[in-house]
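Read the structure below first, then the notes.
The values are calculated or read from the model by the stated rules, or taken from the named source; none is laboratory data. In this text the structure is predicted, and so the values were computed from the model without any measurement. Note that we place each Cβ from the backbone using ideal geometry, even for glycine, and neighbour counts take in every protein chain shown.
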Amino acid sequence: MSIAVAVRKDGQISLVTDSQTNMGSERVPPENFADTKRCTIGDAHVAATGWSLYSNILDDVLSRRRRLPRLDDELSIFKFFNELWKILHDDYSFVKDQSGEGDSPFGSLDSSFLIASPRGLFSVSSDLSVTRYQRYFAIGSGAPVALGAVHALYDGDGDAETVASRAAQAAIAHDIYCGPPLNVITVRERAGRAPRDASPTRRRAASAAPAKRR
C-alpha cells in the first residue's frame, strides 16, 4: 500500500509520502485520519510502507533509548534495523518469527523503509537489506508508477521537491491504495563518508492481509 518517493538532486533530498490509510478493502477518509507515514530519527527522515503498527513500535523503541541512532550510511542503518529485529522478537510477543516466503532463508519485516538523511538516500527492504541510491527511489504499491514518473522528470528543470511531488501525484492518480494530501520534507546534503558499493540483488517479501496497512 501507499507511496513514498525520495529524490536526490542538486544537493537536496526530498521525501514525499501520501496520507491514505487502508484497512483491507476499507479506506479511511483523510479528513478523519491522515497519516504522514514517516518519522524523524536524529537528522534522518524515515518513511514506511506496509504495516502501520511499525509507527507505534518505533515510537516505543525510540522513547526508551538514551541516544537516538545515526542513520548515516548502509552500515549504521543496517545495525539499527538489525537491533530493531531483535527488539521486535524479544519485547513484542505478538510479532511472528517466520518469513512469508517459503524459499527465503531470511525473516521478513513485511514492510519497507525509505530514508532521507543529510548523508544520503537509502532504502531498507523487508529482509533488512540496505541500499544507497544516487538519484531516486520509491516504495509502496504506487512505486512502479512513481519510479516511471521520476525517470521521465529527473533530467528536467524541476528541483528535488518538485520531481518527487509530481511522481507521488502520479502514483495517487493511478493506484487506489494511495491518496492525498502529500507530505513533503526536504533536507540539504552534507559531506560525509564515501558511499559503499551497492549490494547484490535482493529478494523482497510481500503479503496482503486485511488489517491496517499503509
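Just one of the listed residues (SER19, SER76, SER14, SER93) is part of a loop (DSSP other than H, G, I, E, B), crowded, with 17+ Cβ neighbours inside 10 Å and polar (S, T, N, Q), and it is SER19.
Is it the case that segment 102-124 has a residue that's buried (at least 21 other Cβ atoms within 10 Å of the Cβ), in contact with a Lys or Arg (Cβ under 6 Å, 6 or more places away or on another chain) and at negative phi? Yes: segment 102-124 contains one or more residues that are buried (at least 21 other Cβ atoms within 10 Å of the Cβ), in contact with a Lys or Arg (Cβ under 6 Å, 6 or more places away or on another chain) and at negative phi. Within segment 1-35, the set of residues being among the aliphatic types (A, V, I, L, M) and either free of Cβ contacts under 8 Å to residues at least 24 places away in the same chain or closer than 13 Å to ASN183 by Cα (or both) comprises ILE3, ALA4, VAL5, ALA6, LEU15, VAL16, VAL28, ALA34. Note on segment 36-72: among residues that are of a type in the set (Lys, Arg) and over 22 Å from PRO180 (Cβ atoms), the one that is surrounded by the fewest Cβ atoms within 10 Å (Cβ to Cβ) is ARG66.
Among the residues of segment 133-144, the one identified as assigned to a helix (DSSP H, G or I) and either without any contact (Cβ under 8 Å) to a residue 60 or more places away in the chain or farther than 20 Å from PRO181 by Cβ (or both) is PRO144. With respect to (1) modelled with pLDDT under 95; (2) hydrophobic (A, V, I, L, M, F, W, C); (3) farther than 25 Å from MET23 by Cα, the lone exception for ALA205 is condition (3).
One line per residue, one yes/no per condition, for (1) in a helix (DSSP H, G or I); (2) exposed (fewer than 15 other Cβ atoms within 10 Å of the Cβ); (3) touching an Asp or Glu at 6+ places or on another chain (Cβ under 7 Å):
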{"site": "GLY148", "(1), (2), (3)": "yes, no, no"}
{"site": "HIS151", "(1), (2), (3)": "yes, yes, no"}
{"site": "ASP157", "(1), (2), (3)": "no, yes, no"}
{"site": "GLU161", "(1), (2), (3)": "yes, no, no"}
{"site": "ARG166", "(1), (2), (3)": "yes, no, no"}
{"site": "ALA170", "(1), (2), (3)": "yes, no, no"}
{"site": "CYS178", "(1), (2), (3)": "no, no, yes"}
{"site": "PRO181", "(1), (2), (3)": "no, yes, no"}
{"site": "ILE185", "(1), (2), (3)": "no, no, no"}
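Criterion applied to VAL124, VAL130 was being touching an Asp or Glu at 6+ places or on another chain (Cβ under 6 Å) and under 29 Å from GLY179 (Cβ atoms), and the one residue passing it is VAL130. Residues that are buried (at least 18 other Cβ atoms within 10 Å of the Cβ), within 22 Å of PHE80 (Cβ to Cβ) and of a type in the set (S, T, N, Q) within segment 125-146 comprise SER125, SER126, SER129, listed in sequence order. Report, by residue number, each residue of segment 25-67 that is under 16 Å from the mean Cα position of the chain (by Cα) and assigned to a strand (DSSP E or B). The answer is ARG38, CYS39, THR40, ILE41, ALA44, HIS45, VAL46, ALA47, ALA48, THR49, TRP51.
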